[in-house]
Amino acid sequence: NSPATDSNMIFKQDRRGRHLSWPHAAFDTTTTITISRVARIPDPIRIERFRRAPELGPSVLFFTGGTALRSLSRVIKLYTHNSVHLVTPFDSGGSSAKLRDAFNIPAVGDLRNRIVALADESVRGNPEIATLFAYRLPQNDGVDESDDDSSNNLRKELDDLVSGHHPLVSAVPVPLRDIVR
């Protein structure tokens, strides 16, 4: 790698491909060094650093609603704990609409869905809680909603969840079970 020269600068490329330049000594007594680097996107070094320490990951803001970013949220939490998700509470479909109409509350299904997607599912993060929050009550497909058996089954399941006798609640470790209930 012999240096190339132009009128008053010396240019040289080092072993890593970085370009170094400095003024030729005959023209100037000061030394200026310019180092440039070729950047690869995505940068595998940064990706690995963020994977190992997601608390140091980049800050990211998402405007979303519905299930639009559920899959991405499950992956991005592995690389950054610095993401903000603005979720609209105006879902008008499925069970969220029924809850909204019955209880006069914002639609919580999308919010619950995003919290579950971002939850720590490792042993340290108590995956039982993520499983509990991801649970959806069974739908009454093809069953008349005025059917007493269907209503009684739903009431029993809700009572079991609230009282802590449901298998999903029982699986949550004791200190957290009291908080969840």
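So the values come out like this:
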{"item": "Residue that is modelled with the highest pLDDT [pool: residues in region 74-112 that are in a helix (DSSP H, G or I), touching a helix residue (DSSP H, G or I) at 6+ places or on another chain (Cβ under 6 Å) and not basic (Lys, Arg)]", "result": "109"}
{"item": "Residue ID - nearest to residue 81 (Cα to Cα), chosen from residues in region 122-137 that are assigned to a loop (DSSP other than H, G, I, E, B), at pLDDT 75 or above and of a type outside the set (Ser, Thr, Tyr)", "result": "126"}
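The values are calculated or read from the model by the stated rules, or taken from the named source; none is laboratory data. Just so it is clear, the model here is predicted, and its values are computed rather than measured. Cβ coordinates were reconstructed from backbone atoms using ideal geometry, including for glycine residues, and neighbour counts include every protein chain displayed.
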